[in-house]
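To keep things clear, I will list the structure first and then write my remarks on it.
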Amino acid sequence: MTPWILWCLLLLTVLPLPAAQTAGSGSVQGKVCVIPIREDIGTPLVFLVRRGVKMAIQGGAEVLVLDMDTNGGSVDRTEEIIEILGQFKGRTLTYVNRRAFSAGAFIALATQKIYMSPEGVIGAAAPIMVGPGGGVENLNPTVEAKMSSAVAAMVRASAEKNGHNLDVADAMVRKSRALVIEGEVLNKEGEILTLTSQGAAKRYGNPPKPLLSAGTFPTLDDLLKSVESGVESRIVVEPTGWEQVGSFLGSQAVASLLLLAGIVGLYIEFKTPGFGLPGILGLTSFGLYFLGGYIAGLSGAGWALVFFLGVVCVGLELFVFPGTFVAGITGVLLMIVSLVMALVDTYPQPGSLIPSLPEGDFLLLPAKTVVIAFLGAAAAIAILNRFLPKTSLYGHLVSHTASGSATELAFEHTRQALLGREGVTTSALRPGGKGRFGDEWVDVISRGEMIDKGVRVKIVGFSGVEAVVEPLT
């Protein structure tokens, strides 16, 4: 496939994400994008932040603001959010509306400036272990030390990158670190640093610098009026509720299961007459798979269109141009590429219609998901081929999935009409393939031997829905 075709397919995937709300004068091309952090740090919030960052880039925002009020949450999801924030190349701010505890403090330190409300509090960022019942479990000292060290390294890297006080960042994570500045004990050894708005804004050093907060403002609007006085419009990213659904559909395990169900469902549909339950199951599974990627804010919904084009190409290979392989191979490649890219996190590039191309882990994890699903589907199909035709379930599938007059009785009449007919193979049988018998195209299979394309054969029986043939001598 030529490079320009690949670029065209990539452009198909750049469909807009759910629209943001805008406030103030001016067009949607806002100068400031506000993302609310109003819940525990988890997968739904990752999706919200990802969507917000992409909206900010697409909308031409110069400043990204996190409006924060959270008790914290998962360290793993926090790392994801920090990576996503790194995709935004403009200025980043955090406004601590009330609380930025634990993981919330980590995320705040990943922005260039931190501002607070008068009642704002930030800190208490030591890692904890949550038990199965939701309570906090005591950590083994060795495990606690390892977790604290790993988290402290991540927090220090963010603080150093954005010019925040490294000692403050350390004291928020490590109980072993006291914080003493200019003879004032801000945090005792054995405690975790938590700062109020006054303490965070207090200045130390020569020249004096604020400890952590760049300023205190009663509301976010006051902050934007004071710090971003040139704001003409604002993009406000609102939770849609779909993030909760996406947190389920977008997980690697569920995505693999949806792919497996989709492949097996369509395979059974091809092997049974009419259109019914297996086909509906297959198409629904693929639809949910692409929906999960879209809700997660990953690649655009256009990859579902690319997948559909792949299915059309495979259909052309099977029913219109059998044995040519060009349409079939093209279709399979389009389907595989679309399945992988539907889970790849790509970002708009300012001034370009082409999104950023995936690399490293951004491409490896989706590829693993697809490979696992295909391996599982191959095993399931092998088992179905061997045992399904011998079960009563197969009879029900054929009867209930056939539409109109294509019932089990009609299908039996069709088999009897084909039995004994002579025709020619339209593809090599290894051992399965296609054959033409008069005006009819039939799925055929040999008794185990390989039969070349163009060989005259005779139908001598049936294995499931496939006609068993043998070459004419």
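Taken together, the values in this text are just the output of simple stated rules run on the coordinates, not laboratory data. Quick caveat, the model's predicted, so the values are computed rather than measured. When we count neighbours, we look across all protein chains shown, and the Cβ atoms used for this are built from the backbone with ideal geometry, even at glycine.
From the phi angles alone, apply the Karplus equation (6.51, -1.76, 1.60; θ = phi - 60°) to segment 373-382 and give each ³J(HN,Hα) in whole Hz, x where the residue is Gly or Pro.
My calculation for segment 373-382 gives 5, 5, 5, x, 5, 4, 5, 5, 5, 4 Hz in order.
State to the nearest 20 debye the size of the charge dipole of segment 419-471 about its Cα centre, where the only charges are +1 on K and R beta carbons and -1 on D and E beta carbons.
Values: 8 positive and 8 negative charges, 21 e Å.
Magnitude of the dipole: close to 100 debye.
So, in nm, how far is label Lys209 from label Ser226 when the simple model puts each one 7 Å beyond its Cα toward the Cβ?
2.1
Please sort 446-453, 251-258 by packing, taking for each peptide the average over its residues of neighbouring beta carbons within 10 angstrom, highest first. Before the final figure, lay out each step's value.
Working: 446-453: 13.6, 251-258: 17.2.
Those peptides, ordered most packed to least, come out 251-258, 446-453.
I'd like the FRET efficiency for Glu160 and Arg98, computed as 1/(1 + (r/R0)^6) with the beta carbon distance as r and R0 of 25 Å, rounded to 0.05.
Numbers: r = 27 Å, r/R0 = 1.08.
My answer for the efficiency is 0.40.
Express the Stokes-Einstein translational diffusion coefficient of segment 419-471 in µm² s⁻¹, to the nearest whole number, given a Kirkwood radius over alpha-carbon pairs, 4 °C and a viscosity of 1.567 mPa s.
Numbers: Rh = 10.2 Å.
So the translational diffusion coefficient is about 127 µm²/s.
What's the extension gain from Phe325 to Lys458 if we count 0.36 nm per residue and subtract their Cα-Cα distance?
Values: separation 133, 0.36 × 133 = 47.88 nm, distance 2.43 nm.
Here the answer is 45.4 nm.
How much FRET efficiency would the formula 1/(1 + (r/R0)^6) give for His413 and Val254, where r is the Cβ-Cβ distance and R0 is 56 Å, rounded to 0.05? The partial results should precede the final answer.
On the way: r = 42 Å, r/R0 = 0.75.
Given R0 = 56 Å and the Cβ-Cβ separation, E is 0.85.
May I ask you to derive the FRET efficiency for Leu363 and Glu83 from their Cβ-Cβ distance with R0 = 25 Å, giving the value to the nearest 0.05? Don't skip to the end; give the middle numbers.
Working: r = 15 Å, r/R0 = 0.58.
In this case the efficiency is close to 0.95.
Test of understanding: what is the full-extension gain from Thr473 to Ile192, defined as 0.36 nm times their sequence separation minus their Cα-Cα distance?
Details: separation 281, 0.36 × 281 = 101.16 nm, distance 8.73 nm.
Value of the extension gain: 92.4 nm.
If the chain between Leu375 and Trp441 were fully stretched, how many nm would it gain, using 0.36 nm times the residue separation less the Cα-Cα distance?
Working: separation 66, 0.36 × 66 = 23.76 nm, distance 2.94 nm.
Extending this stretch completely gives an extra 20.8 nm.
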